[in-house]
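Laboratory data are not the source of any read-out in this text; all were calculated from the coordinates shown. Computed from a prediction, not measured in an experiment: that's the story for all the values here. Note that we place each Cβ from the backbone using ideal geometry, even for glycine, and neighbour counts take in every protein chain shown.
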There are 2 protein chains.
Amino acid sequence: MEIVALAGGVGASKFLLGLSRVTDPRELTIIVNTGDDIVLHGLAISPDLDIVTYTLAGVVNSETGWGFTGETFHALEQLARFGSPSWFHLGDRDLATHIHRTAMMRSGASLSKAAESIRQALGVQAKILPMSDQPVPTMIQTPEGRLNFQEYLVQRRAEPEVLGISFEGVEQARPARGVLESLEHAAAIVICPSNPLISIGPILAVPGIREKLRKRRNNVLAICPIVGGKSLKGPSDRMLAQLGFDVSAGSVARMYQDICATFVIDPVDAGETQAIEQLGMKAIIRKTVMNALKDKEQLARDVLELFASKATGAA
Amino acid sequence: MEIVALAGGVGASKFLLGLSRVTDPRELTIIVNTGDDIVLHGLAISPDLDIVTYTLAGVVNSETGWGFTGETFHALEQLARFGSPSWFHLGDRDLATHIHRTAMMRSGASLSKAAESIRQALGVQAKILPMSDQPVPTMIQTPEGRLNFQEYLVQRRAEPEVLGISFEGVEQARPARGVLESLEHAAAIVICPSNPLISIGPILAVPGIREKLRKRRNNVLAICPIVGGKSLKGPSDRMLAQLGFDVSAGSVARMYQDICATFVIDPVDAGETQAIEQLGMKAIIRKTVMNALKDKEQLARDVLELFASKATGAA
């Protein structure tokens with residue numbers, strides 16, 4: 001069964017690791033948020049692409065969810081001596097990825113080509129596509145002014161109040177090669193448990209993607225990243241509240257109402273079922289909190305079974 | 001006393017380390033060969049500038065004479081997985097230098113500005129100038145075709161026969177800012193014990209430098225890098241022989257005849273004295289083989305004394 005997943009970083013990767021272990025990863029295509037991308041030290045850095053790739057390659061630091069396991073930071077310490085910003089933690093092995101990607105792109109290759117080269121070198125069998133080859137930097141409007149997303153999240157530890165979110169240049173961006181085709185042909189489309197505002201939001205904002213998902217709505221299933229009114233990972237809960245949203249599963253469901261027929265929530269949110277079904281979506285209750293590998297595999301199996309049993313709206 | 005030194009890499013740095021310890025390093029300006037520069041992994045690498053800087057900063061790997069002491073190579077191992085060439089040994093800390101230099105130059109800074117930033121960050125007090133801000137890559141003509149100098153030296157371990165040497169684009173190159181001025185005003189100019197063909201040769205080939213040295217000939221002293229018919233460091237001896245030169249102190253003296261009044265040779269080459277003096281140069285016998293730090297300091301003291309005592313032709 002051809003499966004396409006829409007993914008941000010750490011939260012998505014947990015589920016994707018499970019999925020790639022309980023199904024043939026060669027039938028899996030992952031469309032990854034690149035709104036988080038940033039150029040630092042002259043190097044093109046794609047945090048979500050790398051988190052997904054490193055996780056599926058089995059080299060990720062499992063404590064942090066990003067970077068390489070057993071990593072050293074000698075280059076970064078030295079860069080700090082040159083007065084370069086060191087708030088973005090680039091490890092020595094990780095730097096090789098950015099050096100390689102930057103060299104490829106300076107030679108005229110697309111971000112897609114670089115991502116493909118990296119996942120192949122690391123032995124990842126699933127296809128990994130950036131949402132777009134054009135830069136679409138996510139900017140966070142705060143009382144201190146507009147911040148690049150990484151500045152907001154990493155440098156400022158998500159402390160400034162979020163007044164607004166924009167995806168710079170998204171009007172001119174095009175889905176990367178393979179994105180619309182894979183969405184067209186997938187038997188199952190899964191929106192991973194990622195931040196709806198700044199991980200899935202940028203993907204949906206690339207012209208053509210949301211429209212395509214609307215047409216495939218019956219084949220789209222989302223896993224809710226908000227459990228019991230809190231985000232499983234990262235500042236989603238705080239951002240939702242600051243932007244005036246309810247911090248609830250129902251609130252996320254509403255954002256996906258037009259593109260998604262099946263919405264998976266955790267048992268602690270069973271009380272949201274009715275609100276979700278009133279949106280014309282099927283609410284499915286499964287354990288979505290993934291700590292151990294077996295949790296990740298179980299949720300993946302549950303999702304596959306929902307598609308196989310036609311419990312989703314998929315024909 | 002203002003001193004200017006012309007330098008290649010490891011051989012020169014031994015002497016310069018001694019010199020910077022027995023005189024005020026703020027009165028020392030070092031003009032460094034950049035013919036060895038190469039772009040690898042999209043990064044601007046200046047091996048001789050870095051060897052000189054790291055040596056004077058006290059961070060150099062004293063066994064190899066290049067790179068950082070206690071260095072790791074995690075990024076390079078990872079780059080090799082991406083199919084990038086790994087024959088040029090770039091350590092993790094060393095990579096920070098190249099990343100920083102490349103970022104500065106991509107932002108429009110000159111190689112000089114980058115070199116200045118790097119030596120200041122590493123706390124080096126001597127001024128370090130590239131010979132030119134324009135790229136002048138040294139190419140080695142071999143039976144296998146033309147090789148970039150680093151390909152010849154590092155990748156091919158100086159094995160191919162040298163048929164010719166060229167400095168690409170040197171006609172259009174200009175001395176970097178400060179080079180001619182420092183040569184004009186220096187009380188003492190020292191040609192370090194570096195390969196005359198591929199370390200000092202490129203510096204002398206930059207339009208204006210050789211002419212300036214001719215005018216300052218009485219203030220120029222060279223330390224011979226050939227001792228007892230062998231090079232102290234690197235493939236100078238082999239290259240000289242392959243290009244039809246005698247492998248001798250006298251042979252090197254001849255190359256500097258027009259720009260240098262004083263030529264320092266090792267006691268083992270005392271027999272060359274007459275040949276050197278016939279070139280109109282003063283031959284001075286001092287211990288030039290530098291192993292321990294005290295050897296480096298002693299040779300530096302000897303050189304300073306020669307200038308102070310007017311044993312050189314300097315007025």
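Label points for A:Thr64 are taken 7 Å from Cα along Cα→Cβ. From this copy to the others they lie 2.6 nm apart, shortest first.
Under a straight-distance cross-link criterion of Cα-Cα below 16 Å, which lysines are reachable from B:Lys282, leaving out those fewer than 8 residues away in the same chain? Reachable lysines: B:Lys310.
For the stretch B:244-262 and the stretch A:107-172, what is the centre-to-centre distance using only Cα atoms, to the nearest Å? The stretch B:244-262 and the stretch A:107-172 have Cα centres spaced 59 Å from each other.
In plain terms, the C-alpha convex hull of the protein assembly as shown casts an average shadow of 30.5 nm² when viewed from every direction.
Taking the Cα atoms of the stretch B:127-181, the ratio Rg/Rh between the radius of gyration and the Kirkwood radius comes to 1.10.
Considered as an equivalent ellipsoid built on the Cα gyration tensor, the stretch B:59-108 has semi-axes of 19, 17, 8 Å, the largest given first.
Projected label points at A:Glu77 and A:His185, each 7 Å from Cα along the beta carbon direction, are separated by 4.9 nanometres.
With helices as the sole contributors, chain B gives -10500 deg cm²/dmol at 222 nm; each DSSP H run of n ≥ 4 counts as -39500 (n - 2.57), and the sum is divided by every residue.
By the gyration tensor of its Cα atoms, with a ≥ b ≥ c the square roots of the eigenvalues, what is the shape of the stretch B:77-214: rounded for a/c under 1.5, prolate for a/b over b/c, or oblate? Oblate shape, in that a/c is at least 1.5 and b/c is the bigger or equal ratio. Of all DSSP beta bridges confined to the stretch A:68-224, the antiparallel ones make up roughly 75%.
Inter-chain Cβ neighbour count for A:70-80, averaged per residue, equals 6 (cutoff 10 Å, partner chain atoms only). Since only A:Ser166, A:Leu153, A:Met131 are under comparison, the one whose Cα sits farthest along the positive direction of the charge dipole of the stretch A:108-171, derived from C-beta charges on Lys, Arg, Asp and Glu, is A:Met131. Here is the P(r) of chain A: all C-alpha pair distances, binned every 20 Å from 0, give 34, 60, 6 in whole percents. Spin-label model, B:Asn61 to A:Val268: label points 7 Å out along the Cα-to-beta-carbon direction sit 5.1 nm apart. Label points for B:Asn291 are taken 7 Å from Cα along Cα→Cβ. From this copy to the others they lie 6.3 nm apart, shortest first. Need one number: the % of Cα-Cα pairs in the stretch B:171-308 sitting beyond the 26 Å mark. That tail contains 21 percent of the Cα-Cα pairs. In a simple Cβ point-charge model (Lys, Arg +1; Asp, Glu -1; nothing else charged), the stretch B:78-123 has a dipole of about 80 debye relative to its Cα centre.
Out of the DSSP beta bridges found with both residues in the stretch A:149-295, what percent are antiparallel (nearest 5)? DSSP beta bridges in the stretch A:149-295 are roughly 15 percent antiparallel. Taking Cα atoms only, the orientation of helix A:111-121 departs from the longest principal axis of chain A by about 90 degrees. Let me confirm one metric for peptide B:99-109, namely the mean number of other chain beta-carbon atoms within 10 Å of its residues' beta-carbons. Averaged over the peptide's residues, the number is 4. Mind running the shape call on the stretch A:1-141? Use the C-alpha gyration tensor, a ≥ b ≥ c as the square roots of the eigenvalues: rounded below 1.5 for a/c, prolate if a/b tops b/c, oblate otherwise. In terms of gyration-tensor shape, prolate. For the peptides B:173-179, B:96-102, residues were scored by their other Cβ atoms within 10 Å and the scores averaged per peptide; the highest-first order is B:96-102, B:173-179. Measuring from each Cβ of chain A to the axis carrying A onto B, the nearest residue and its distance in whole Å come out as A:Asp92, 2. For chain B, set up a Gaussian network in which alpha carbons nearer than 10 Å are linked by springs, and say which option among B:Arg26, B:Arg301, B:Arg81 fluctuates the most. Evaluated over chain B, the most mobile residue of the options is B:Arg81.
Applying 1/(1 + (r/R0)^6) with R0 = 60 Å to the Cβ-Cβ distance of B:Gln120 and A:Arg26 gives a FRET efficiency near 0.70. Across the stretch B:171-308, Cα pairs under 8 Å and at least six residues apart give a relative contact order of 20 percent. Relative to the current alpha-carbon distance between B:Glu305 and B:Glu161, full extension at 0.36 nm per residue lengthens the span by 47.8 nm. Between identical copies, the spacing of B:Leu279 label points, each set 7 Å from Cα toward the C-beta atom, reads 8.4 nm from nearest to farthest.
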